[in-house]
């Protein structure tokens, strides 16, 4: 884990072995209700990062995401859905760029 990372871990974060987390990565397990009449309500979901994952600088991992083994999250990505094992994802929202 590197400098200036933010872990909003109210919903729990599980990190596997040999994981690289670059500077300024944000892991957030909490969000507000999308209903405008219930915006004060919050929900939490666990983030799971499997073994040998590399998360690039300034990436954001959203609530409920699982990142599969050996995967790479490109710099600046916003990960809103699960990432399968052995892929590189990037973008906002993150999409598979390459299979490893």
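We did not get these values from a lab; they are worked out from the coordinates using the rules stated. Source: prediction; values computed, not measured. Please note: Cβ atoms are built from the backbone with ideal geometry, for glycine as well, and neighbour counts cover all protein chains shown.
Brief remarks follow.
- Highest average first, the peptides 59-70, 20-31 ordered by how many other beta carbon atoms sit within 10 Å of their residues are 59-70, 20-31.
- All Cα pairs of the stretch 6-99, percent lying beyond 15 Å: 57
- Across the chain, the mean sequence separation of Cα contacts (distance under 8 Å, 6 or more residues apart), normalised by length, yields a relative contact order of 21 percent.
- Computed packing ranks the peptides 80-91, 46-57 as 46-57, 80-91, most packed first, by mean other Cβ atoms within 10 Å.
- Relative packing of peptides 33-41, 1-9 - highest average C-beta neighbours within 10 Å first: 1-9, 33-41
- Treating r as the C-beta distance of residue 39 and residue 69 and R0 as 30 Å, the FRET efficiency rounds to 0.25.
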